[in-house]
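Here is the structure we will look at.
Just so it is clear, none of the values below were taken in a lab; they were calculated from the coordinates. Remember, it's a predicted structure, so these values are computed and weren't measured experimentally. FYI the Cβ positions are ideal-geometry reconstructions off the backbone, even for glycines, and counts take in every protein chain you see.
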Amino acid sequence: MTKILKKGSDFMNKKYNKGFTLIELLVVIAIIGLLSTLAIVALNNARQKSRDARRVSDIKQIQTALELYYNDANGYPSSIASGGAISYSGTTYMSVVPTAPLPIDGDCISTENTYTYISTASSTYTLSYCLGGTTGGIEAGPKIASPAGMQ
């Protein structure tokens with residue numbers, strides 16, 4: 001009992017041809033791949049901007065602690081250690097001095113991706129840091145903060 005298939009038969013109707021063709025599946029996979037690539041690139045840019053914003057915030061917090069120290073001690077500390085505290089006569093202005101976030105961004109090198117404090121005299125200091133991109137009006141690259149502000 002062989003059934004002869006004709007052009008108008010049930011076999012040719014869509015109800016028996018369920019599923020996707022290989023080309024349709026490849027197109028969908030390609031679109032998903034393209035969208036995921038774009039999402040990853042956007043996420044990496046957001047991460048870099050987040051690290052730079054944290055660097056600027058850390059420097060401003062360290063500057064604030066140093067100014068509070070200066071008001072009480074009539075001078076800046078001779079040194080501060082990353083992970084240490086900024087305190088004077090039992091008053092703690094910053095319990096933990098932050099470290100620069102990793103990974104290193106932009107044109108910064110490993111030695112520039114640290115917060116380096118140098119007290120040039122008891123009345124001034126320099127605090128060096130490095131940004132991977134322009135953040136808050138501050139250009140990318142190695143920068144210096146001092147009592148006069150951030151450069």
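For Ser82, the shell of other residues with beta-carbons less than 15 Å away shows a net charge of 0, using +1 for Lys and Arg and -1 for Asp and Glu. Along the chain, counting only trypsin sites (Lys or Arg not before Pro) with a DSSP assignment other than H, G, I, E or B and at most 16 other Cβ atoms inside a 10 Å radius, the longest segment between sites is 19-151.
In percent, rounded to a whole number, the relative contact order of the chain is 17, using alpha-carbon pairs under 8 Å and six or more apart. Here the stretch 111-151 is treated as a sphere whose radius is the Kirkwood value from Cα pairs; by Stokes-Einstein at 4 °C and 1.567 mPa s it diffuses with a coefficient of 121 µm²/s.
Ordering Ala148, Thr135, Tyr93 by the projection of their Cα atoms onto the charge dipole of the chain, which places +1 on the Cβ of Lys and Arg and -1 on the Cβ of Asp and Glu, puts Thr135 at the extreme positive end. Highest mobility in the GNM of the chain, judged by mean-square fluctuation with C-alpha springs under 10 Å and restricted to Ser89, Ser57, Ser128, is found for Ser89.
Of the chymotrypsin sites (Phe, Trp or Tyr not before Pro) found in the stretch 14-119, the ones in coil according to DSSP and having at most 12 other Cβ atoms within 10 Å of their Cβ are Phe20.
Over the chain, dividing the summed -39,500 (n - 2.57) contributions of all DSSP H runs of at least 4 residues by the number of residues returns a 222 nm mean residue ellipticity of -13000 deg cm²/dmol.
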